[in-house]
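A short write-up of the structure that comes next.
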Ligand SMILES: [Fe+2]
Ligand SMILES: [Fe+2]
């Protein structure tokens, strides 16, 4: 049975009954012939991939290779200020997430284990800008707090989040939209070389950093969970998919630094954003912000007595699934979602974090 299908069936029956039927109240999911912990880890990853697909599809509809005419081209042009290949990369990243989601669920099903279906929760409002499909969404890209501390984390040679270290933001992005919410957000400005107004460029810049934020999350999540996988074939899946998250992150890390410096106040929310020149802003970042330092700087790993090592970080396995869920929630990615949605995801995360490696 599809995990989540119970929620779909119950949606018409009223919320009281719905909450009784949700699996968060201790219902046990079927693992089939899979190790119980492996099935739980794969189910959490399936959910994460479904959520990634949902957000990437929104980016793809408005910034991908299929946008060839109309006002939304201004957003595409804004993205292209970061790199001329942005539409191709956005479309390819979207395709990849969809294959991750479909593969993991198909693998779970092939072993007789419960799969994951979030479609009952796809009720958030879509953008109304030209190109956006008018269908319910799982994720909300219109009020993002984008954590850009990965920028400084991957440049540090002395600190590691697994040692409790924290890192400053590269850009401060709070309550900002990463997609045009409507055609009103698509504004030309003939005085700019690109022809794109600061209002629209700011949206593209937020997207450019959010791409890196999402994919560094996947880059850490897979190795973090892999440490508690038991079966070697499941480990192969987790390592092989996890590697493509790293490929995505590396690409977006390279592009985000090209976001044009600007200041913008959102006319809808009043929220201000300042994009600094990360190479040259006096007194801002200094050498640690330099935009071509995109390879992971060697840093401390496991024990301070070992030599510095170029690594993915964080990779601590304890509570990794719940930490990922908390991070996404704090970013406002699920703003407007139902209590049932959060209960369902918490259940998946708890089960994944309860998984223990056997043997
Ligand atoms: Fe993915
Ligand atoms: Fe990803």
Notebook entry, point to check: How many of the residues making up the range 128-141 are in contact with a strand residue (DSSP E or B) (Cβ under 9 Å, 6 or more places away or on another chain) and in contact (Cβ under 8 Å) with a residue 60 or more places away in the chain?
Noted result: 4
Note to self: Looking at residue 133 and the list (1) under 22 Å from residue 336 (Cα atoms); (2) out of contact with any helix residue (DSSP H, G or I) (no Cβ under 7 Å at 6 or more places or on another chain); (3) part of a loop (DSSP other than H, G, I, E, B), which single condition is not satisfied?
What the structure shows: (2)
Check: Taking helices (runs of 4 or more DSSP H) that fall entirely within the range 1-92, which contain at least 1 residues that are more than 18 Å from the chain's Cα centre (by Cα), more than 16 Å from ligand 1 (Cβ to nearest atom) and at pLDDT below 90?
Finding: 5-10, 15-21
Next item on the list: For the range 108-117, indicate whether the set of residues that are in contact with a strand residue (DSSP E or B) (Cβ under 7 Å, 6 or more places away or on another chain) and without any contact (Cβ under 8 Å) to a residue 60 or more places away in the chain is non-empty.
Entry: yes
Note to self: Can you go through 314, 260, 282 and tell me which one is over 29 Å from residue 41 (Cβ atoms) and modelled with pLDDT of 95 or more?
What the structure shows: 260
Check: In the range 89-107, which residues are touching a residue at least 24 places away in the same chain (Cβ under 8 Å) and either away from ligand 2 (no atom under 16 Å from the Cβ) or in contact with a strand residue (DSSP E or B) (Cβ under 6 Å, 6 or more places away or on another chain) (or both)?
Finding: 105, 107
Check: Exactly one of (1) within 16 Å of residue 178 (Cα to Cα); (2) assigned to a loop (DSSP other than H, G, I, E, B); (3) in contact with a helix residue (DSSP H, G or I) (Cβ under 9 Å, 6 or more places away or on another chain) is unmet by residue 255. Its number?
Finding: (2)
Check: Taking the condition under 20 Å from residue 332 (Cα atoms), touching a residue at least 24 places away in the same chain (Cβ under 8 Å) and assigned to a helix (DSSP H, G or I), does residue 120 pass?
Finding: yes
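The values are calculated or read from the model by the stated rules, or taken from the named source; none is laboratory data. Computed from a predicted structure; not experimentally measured. Backbone-built Cβ (ideal geometry, glycine too); neighbour counts: all protein chains shown.
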